[in-house]
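**Q** Quick one: structure below, then a few questions.
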Amino acid sequence: MGFVESVRVRIAERKVPPADRALLRDLRRALAHDRVRFDAAERALFAHDASFDEGGVSGPICFPVSTAEVQALTRVAIDHGRAIVPRGAGTGLAGGAIPLGAPIVVSLMKMNRILEIDGDNRVAWVEPGVVNLDLSNQLRPLGYHFAPDPSSQQVCTIGGNVANNSGGPHCLAYGVTDAHIAALEVVLPSGEVAVFGEIGPDETGLDLRGAFVGSEGTLGIATKVAVRLTKNPPAVRTLLLAFSAMRDAAQTVSDIVAAGMVPAAMEVMDQKITNAAENFVGAGYPRDAAAILLAEVEGLEGGIAIDARRIEEIGQRNHATSVRRAETEEERALLWKGRKTAFGAVAQIKPDYYLHDTVVPRSSLAAVLEEIYAIAERHDLVVMNVFHAGDGNLHPLLIFDARVPGEIDRVHRAGDEIVRASLAAGGVLSGEHGIGVEKQGFMEELFSADDLEHQNRLRETFDPICRANPGKVMPIGHSCADIQALRSVPTGVWG
Amino acid sequence: MKAVSAGESLRLGIDPDALNKCVQCGLCLPHCPTFRATGDESFSPRGRIALMRAVQNDGAPITRDVERAFETCVQCRGCETNCPSQVPYGELIEPTREALAQRSRWRSRLFETLLGFLARPAWLRAGAGTAVALRRMGLVPRRLGVPENTADSNAPIPATGDDVFLFTGCIMDAWQRDVHDAATRVLSAAGVGVQATGDAAPCCGALHRHAGLSSTSETHAEHVIRALSTDDRPILVDSAGCGAAMKEYGQWLGTEEARAFSARVFDIHEWLSEQLDRLPRVEPLDVKLAVQDPCHLRHVQKVHLATRTALAPFVRELVELDDEGLCCGAGGIYFVLEPELAGTIRERKCGAIERAGADVVVSANPGCSMHLAAAGLEVCHPMQIIDRALAGRTG
């Protein structure tokens, strides 16, 4: 930034309270002038993620480029008694990256280098801002990929995947992010740098790497991640089965697993979302089917030919109205593109969505889905279902128009009922999106007071005064949910 | 619209329904060249739409940062083709740019004056000659992408028949006349008689539109329509940006005449790919060719695959870039206005070209080829490749 520009910034910030001016000055010394922003409109952008949460209030936004800078800005935060909220691409769906109480927002998007690809140990060291799909694309010529493939993989980052322990369609066979992280370099809330996990054989002692993955930024900021590389399968077959009833699709999924198969992926979409996706991609999804099942098997050619035939037979026994095999790589890519962009296609129908993420036992899939449709109907809302059927991870999408008075309240009520119905069926709160601010209120319904107390103690060991992403995950009332513990500015002051 | 000073709010005049269509899911982010270059939300389509909402719905002030967010948009519209909810981003950014242009009177006058040259072919040709001379003397920075040679002749391109019009445009006619010559020879080889539009229809108005000068762009559109409506033969365009604009004349002007005109406009590869059997069979050139899709061919006209169909019989190998059509950063005159960002964006494109391992890169848009050539790449127009193959020459 040139001199003129820095003078302009200084003039623009002349009304900033003195305490914050000192904070900005120290942050800019630690990073660089143009990588610390404080413009009101820009802070408003960083107050949201992709969830429908109303958002928080962001303090200064920092764009560090190295571990040393993350460490330096953490120390500035300590000196000024401020909280820190890390952020990747901002595609979170549970409000995990929403800044509460005007904390320092740390965007890791400029730390986006693949540092080292270690073929011998089948790991790659990457920075947290590397985009998930970019990583797999770069690894492809070497014969590898990064297995977790969230639907948002074209944009979400490895850091965000680590924070949320993200899943994805192919995690049915490969396991979620936790299984693919060998080690992490993190900047702790104290400002120290630590390495958790090991590249070689499993380390002895406590699994701090395991504790960190999925901690949603509450234990510190990962600045380097050693991801495990997964060998690309020799052959893949993708099937599209159509059904005239959702129950038949759900039963097919259960029967496939009961038959002893673990396909690479099994995804179901209902009629409404299938049509919205079809409008965008034109993949040739059957528009008249009540539900479609996208199933993929991979491995050696001989094996997958048998698996594919068995899946077709099981589908037909469950009254599949059509079965289609992707004949070319382009056709397969298009079938997946529709599935992976489905949730973003809903504005064709309504401009707002609330995307849920509960997990239920596979055996109760059909029953819970029927209840979800009934709940939506009771509240006069449109619900679309698109989900990771293989592991029972539901993603009911309530779509609505926030401009219609009262509609948001109905969405909240319906959402609560959907979560309760999933818990009642023996399910859990989140499959992959995390708890964030969205599902904090339900933590006490899933966990006992003792459970929560132990989780809190773990967190306090890392972060005794709730500097890292305060107000997230742990329910309100538990010590770390109390964001006023820090000398932060209450919501609305800079609004 | 009244001019307002910095910090005040501004009426953007965007259609509220179009503005409300974005669900803020973020799937556009990786397809935005400025987000890719900066990782900054305010330089992304989702961020820009959120800012438009803040300005239009909540009266948020136009601070310098908000203005930067809007003016750094390349308008490649890569976000638009990748939006599952099909948000019409072009319909959002164009009125926003227009409101911004009108806000600063000196700025819009400056643009009017500079872009005014585009409708004056003789001045342009003289300017091009001078710029090339200065470039040869090393007095023009390389990053401005001024070519080292220009058309040899200022004379109009002779007509070879009256089957089709070839729209020759402004900058391209002055600086890339050899592309038009190649296109004319290729069409002639297919037995198609070509009449170049030349000075009769000097400028399509696309650059004015992108700079927010809508009324000027519409004047140009009306001029072009009048000049080329003597009959209803197809109008072929070998510049992707011009073609995209002329196909949108119907939307710009909203008249039946303009819509009928737009229906006659074809990208030259789009039209030729349906007539390939009229071209003689020749030995393919022994080159490995990478196709760089101009954004306005891929994301606006959506006919980029035709370029490959047209080229395939004439080269040994066609390779795809692995960046899913991400913008190169040229963006009309964007690379002149935002040299630093345009340069960072181009680095990513050059990386993709390098990975593809091609001998030659082709681009069907003059801005893209100038911008890429300024980075030291060998860039041709697809028509020049086909012309070379037909002439029986190699490489």
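The values are calculated or read from the model by the stated rules, or taken from the named source; none is laboratory data. Keep in mind it's a predicted model, so treat the numbers as computed, not measured. FYI the Cβ positions are ideal-geometry reconstructions off the backbone, even for glycines, and counts take in every protein chain you see.
**Q** Just to verify a result, which residue in region A:1-22, among those that are among the hydrophobic types (A, V, I, L, M, F, W, C) and in a helix (DSSP H, G or I), is surrounded by the most Cβ atoms within 10 Å (Cβ to Cβ)?
**A** A:Val9
**Q** Going by the structure shown, is A:Ala264 farther than 23 Å from A:Tyr354 by Cα and surrounded by fewer than 23 Cβ atoms within 10 Å (Cβ to Cβ)?
**A** No.
**Q** Looking at (1) within 14 Å of another protein chain (Cβ to nearest Cβ); (2) touching a helix residue (DSSP H, G or I) at 6+ places or on another chain (Cβ under 7 Å); (3) surrounded by fewer than 24 Cβ atoms within 10 Å (Cβ to Cβ), can you tell me which one A:His319 breaks?
**A** Unmet for A:His319, out of (1) within 14 Å of another protein chain (Cβ to nearest Cβ); (2) touching a helix residue (DSSP H, G or I) at 6+ places or on another chain (Cβ under 7 Å); (3) surrounded by fewer than 24 Cβ atoms within 10 Å (Cβ to Cβ): (1).
**Q** Just a yes or no: is a residue in region A:238-253 modelled with pLDDT under 95, of a type in the set (Ser, Thr, Tyr), surrounded by fewer than 24 Cβ atoms within 10 Å (Cβ to Cβ) and assigned by TED's automatic domain parsing to the domain that holds A:Glu312?
**A** No, region A:238-253 has no match at all.
**Q** On the given criteria, is B:Arg97 touching a residue at least 12 places away in the same chain (Cβ under 8 Å), within 17 Å of B:Cys327 (Cβ to Cβ) and surrounded by 23 or more Cβ atoms within 10 Å (Cβ to Cβ)?
**A** No, not satisfied.
**Q** List pairs: first residue in region B:21-38 and more than 7 Å from every other protein chain (Cβ to nearest Cβ), second residue assigned to a helix (DSSP H, G or I) and hydroxyl-bearing (Ser, Thr, Tyr) anywhere in the structure, Cβ distance under 6 angstrom, at least six positions apart or on different chains.
**A** B:Ala37/B:Thr344
**Q** Which of the residues belonging to region A:380-399 are under 26 Å from A:Lys340 (Cβ atoms), out of contact with any Gly (no Cβ under 9 Å at 6 or more places or on another chain) and not in a strand (DSSP E or B)?
**A** A:Leu381, A:Ala389, A:Gly390, listed by residue number.
**Q** Okay, moving on. Among the candidates A:Gly426, A:Gly431, A:Gly441, single out the residue that is part of a loop (DSSP other than H, G, I, E, B) and either surrounded by fewer than 22 Cβ atoms within 10 Å (Cβ to Cβ) or among the aliphatic types (A, V, I, L, M) (or both).
**A** Selected residue: A:Gly426, the only one of A:Gly426, A:Gly431, A:Gly441 that is part of a loop (DSSP other than H, G, I, E, B) and either surrounded by fewer than 22 Cβ atoms within 10 Å (Cβ to Cβ) or among the aliphatic types (A, V, I, L, M) (or both).
**Q** Can you confirm whether region B:43-54 contains a residue that is out of contact with any helix residue (DSSP H, G or I) (no Cβ under 7 Å at 6 or more places or on another chain), more than 9 Å from chain A (Cβ to nearest Cβ), assigned to a helix (DSSP H, G or I) and over 21 Å from A:Leu133 (Cα atoms)?
**A** No, there is no match, as no residue in region B:43-54 is out of contact with any helix residue (DSSP H, G or I) (no Cβ under 7 Å at 6 or more places or on another chain), more than 9 Å from chain A (Cβ to nearest Cβ), assigned to a helix (DSSP H, G or I) and over 21 Å from A:Leu133 (Cα atoms).
**Q** Then there is this: Tell me, please, whether a residue that is surrounded by fewer than 21 Cβ atoms within 10 Å (Cβ to Cβ), in contact with a helix residue (DSSP H, G or I) (Cβ under 8 Å, 6 or more places away or on another chain) and not in a loop (DSSP other than H, G, I, E, B) can be found in region B:234-248.
**A** No, that holds for no residue.
**Q** Are there any pairs, at least 6 apart or on different chains, whose C-beta atoms fall under 6 Å, with the first in region A:241-255 and farther than 14 Å from A:Glu313 by Cβ and the second charged (D, E, K, R), and if so, which?
**A** A:Ser254/A:Arg362
**Q** Looking only at region A:445-466, which residues are over 18 Å from A:Val187 (Cβ atoms) and either in a loop (DSSP other than H, G, I, E, B) or in contact with a Pro (Cβ under 8 Å, 6 or more places away or on another chain) (or both)?
**A** Selection gives A:Phe447, A:Ser448, A:Leu452.
**Q** Quick check on my filter: what residues within region A:23-44 are over 17 Å from B:Phe43 (Cα atoms) and in a loop (DSSP other than H, G, I, E, B)?
**A** If the condition is that a residue be over 17 Å from B:Phe43 (Cα atoms) and in a loop (DSSP other than H, G, I, E, B), then A:Leu31, A:Ala32 are the ones that fit.
**Q** Which one of the conditions (1) of a type outside the set (Lys, Arg); (2) touching a helix residue (DSSP H, G or I) at 6+ places or on another chain (Cβ under 9 Å); (3) in a helix (DSSP H, G or I) does A:Glu377 fail to meet, given that it meets all the rest?
**A** Result: A:Glu377 passes all but (2).
**Q** For region A:45-68, state whether one or more residues are in a helix (DSSP H, G or I), within 14 Å of chain B (Cβ to nearest Cβ) and surrounded by 22 or more Cβ atoms within 10 Å (Cβ to Cβ).
**A** Yes, some residue in region A:45-68 is in a helix (DSSP H, G or I), within 14 Å of chain B (Cβ to nearest Cβ) and surrounded by 22 or more Cβ atoms within 10 Å (Cβ to Cβ).
**Q** Which of the numbered conditions does A:Lys337 fail, given that it passes all the others? Conditions: (1) in a loop (DSSP other than H, G, I, E, B); (2) within 16 Å of A:Gly282 (Cβ to Cβ).
**A** (1)
**Q** How many residues are among the small types (Gly, Ala, Ser) and in a strand (DSSP E or B) if we restrict to region A:170-228?
**A** Total meeting the criteria: 6.
**Q** Taking A:Gly344 as meeting all but one of (1) crowded, with 22+ Cβ neighbours inside 10 Å; (2) in a helix (DSSP H, G or I); (3) touching a residue at least 24 places away in the same chain (Cβ under 8 Å); (4) not hydrophobic (A, V, I, L, M, F, W, C), write down the number of the exception.
**A** Exception for A:Gly344: condition (3).
Here's the yes/no breakdown for (1) in contact with a helix residue (DSSP H, G or I) (Cβ under 6 Å, 6 or more places away or on another chain); (2) of a type outside the set (Ser, Thr, Tyr); (3) in contact (Cβ under 8 Å) with a residue 24 or more places away in the chain; (4) closer than 20 Å to A:Val359 by Cβ:
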position	(1), (2), (3), (4)
A:Leu139	no, yes, yes, no
A:Tyr144	no, no, yes, no
A:Pro150	no, yes, yes, yes
A:Gln154	yes, yes, yes, no
A:Asn164	no, yes, yes, yes
A:Thr177	yes, no, yes, yes
A:His180	no, yes, yes, yes
A:Ala183	no, yes, yes, no
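**Q** Condition first: facing chain B (nearest Cβ under 10 Å) and within 23 Å of the chain's Cα centre (by Cα). Can you find one or more residues in region A:74-88 that meet it?
**A** There is at least one residue in region A:74-88 that is facing chain B (nearest Cβ under 10 Å) and within 23 Å of the chain's Cα centre (by Cα).
**Q** For A:Ala124, state whether it is part of a helix (DSSP H, G or I), over 17 Å from the mean Cα position of the chain (by Cα) and more than 10 Å from chain B (Cβ to nearest Cβ).
**A** no
**Q** Also, I was wondering about something else. Between a residue in region B:61-72 that is more than 8 Å from chain A (Cβ to nearest Cβ) and outside any helix (DSSP H, G or I) and any residue that is surrounded by 19 or more Cβ atoms within 10 Å (Cβ to Cβ) and modelled with pLDDT under 90, which pairs come within a Cβ distance under 6 Å, given they are 6 or more apart or on different chains?
**A** B:Ile62/B:Leu10
**Q** Only one of (1) of a type outside the set (D, E, K, R); (2) surrounded by fewer than 23 Cβ atoms within 10 Å (Cβ to Cβ); (3) closer than 19 Å to B:Leu29 by Cα fails for B:Leu337. Which number is that?
**A** Just one mismatch for B:Leu337, condition (3).
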